[in-house]
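Right, one structure below, let's go through it.
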Amino acid sequence: MRSIVFVASSQAMPPTLKQAVEDAFPWTVVEQVGHIDEATRIFPNTVSVMLVHQTFVAEAERRAADLFRYHPMALTAVLDDGTKLEGEGAVRLFDSPLVRSVLPINVRQNVSLSILGLLLQGIEYFPRGLLSMALQRPQAPPPQADGGPLIPAHLRVLTKREMEVLDLVQRGLQNKSIANDLHLSGHTVKIHLHNIITKLGAHNRTEAAAIYRDAARGILH
């Protein structure tokens with residue numbers, strides 16, 4: 001059995017959704033909690049998908065390390081009821097360190113269930129409208145700090161901390177040394193590495209480090 005966790009108020013949950021999910025996916029158990037704090041715990045079954053209502057997204061991102069620690073196998077998606085997920089706030093989802101998909105529930109229930117089936121297989125989903133907004137958003141100027149070197153475009157998807165971790169990886173440091181240098185836990189370093197590899201489209205840490213070194217050589221030349 002696997003769990004699907006809904007982080008949403010009872011008012012935000014369609015009354016028939018829980019039963020419909022359990023009927024469509026009888027090997028799952030639906031858990032519903034009303035706040036992120038209630039999601040940062042061990043559930044009886046491994047959590048495969050965590051569906052966070054859009055009102056809790058900011059808090060979920062602040063608690064991302066806790067959520068990863070308790071639910072390392074979970075794909076996190078925004079539960080979209082069609083009321084607030086729009087404009088720049090929606091586009092920012094593509095830069096989220098936690099959110100990997102969107103599950104719309106303001107559509108026919110069979111459509112929501114079909115999309116949920118994809119998420120349970122680890123397949124990410126974003127509505128076409130959100131993808132269009134993300135592709136059309138203006139590109140920000142290259143970040144530059146204290147007159148330092150420009151950051152190549154393909155590395156701008158990384159956060160400052162992820163860049164610090166990747167720099168130490170390309171220097172040959174292992175996770176324990178990276179954790180000591182940056183005053184992080186070993187688990188947090190693993191999370192950063194997972195995010196780095198995913199964002200860069202790399203297959204492993206060695207390939208991610210090579211991408212970083214190639215970018216650095218490009219700046220110097």
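The values are calculated or read from the model by the stated rules, or taken from the named source; none is laboratory data. Predicted model only: the values in this text are computed from it and were never measured. Reconstructed Cβ throughout: ideal geometry from the backbone, glycine too, with neighbour counts over all protein chains shown. Side chains are part of the model used for accessible areas, which takes the heavy atoms of the whole protein and leaves out ligands, DNA and RNA. Shrake-Rupley method; radii C 1.70, N 1.55, O 1.52, S 1.80 Å.
Solvent-accessible area of R156, all protein chains in place: 90 Å² (probe radius 1.4 Å, heavy atoms, ligands and nucleic acids excluded).
Applying 1/(1 + (r/R0)^6) with r as the Cβ-Cβ distance of E164 and M73 and R0 = 25 angstrom yields a FRET efficiency of 0.40. 3J(HN,Hα) along the stretch 160-173: 4, 5, 5, 5, 5, 5, 5, 4, 6, 4, 6, 7, x, 6 Hz, from the Karplus curve 6.51 cos²θ - 1.76 cosθ + 1.60 with θ = phi - 60°, whole Hz, x for Gly and Pro. Extending 7 Å from the Cα toward the beta-carbon at both R41 and Q109 defines two label points whose distance is 2.9 nm.
Residues whose amide H comes within less than 5 Å of that of L75, counting only those at least five positions distant or on another chain, are V49, M50 (H built at 1.01 Å from N in the peptide plane). Using the Karplus relation 6.51 cos²θ - 1.76 cosθ + 1.60 with θ = phi - 60°, the per-residue 3J(HN,Hα) values for the stretch 110-115 come to 5, 5, 4, 5, 5, 5 Hz, with x marking Gly and Pro. Take D66: with every protein chain present and a 1.4 Å probe, its accessible area is about 40 Å².
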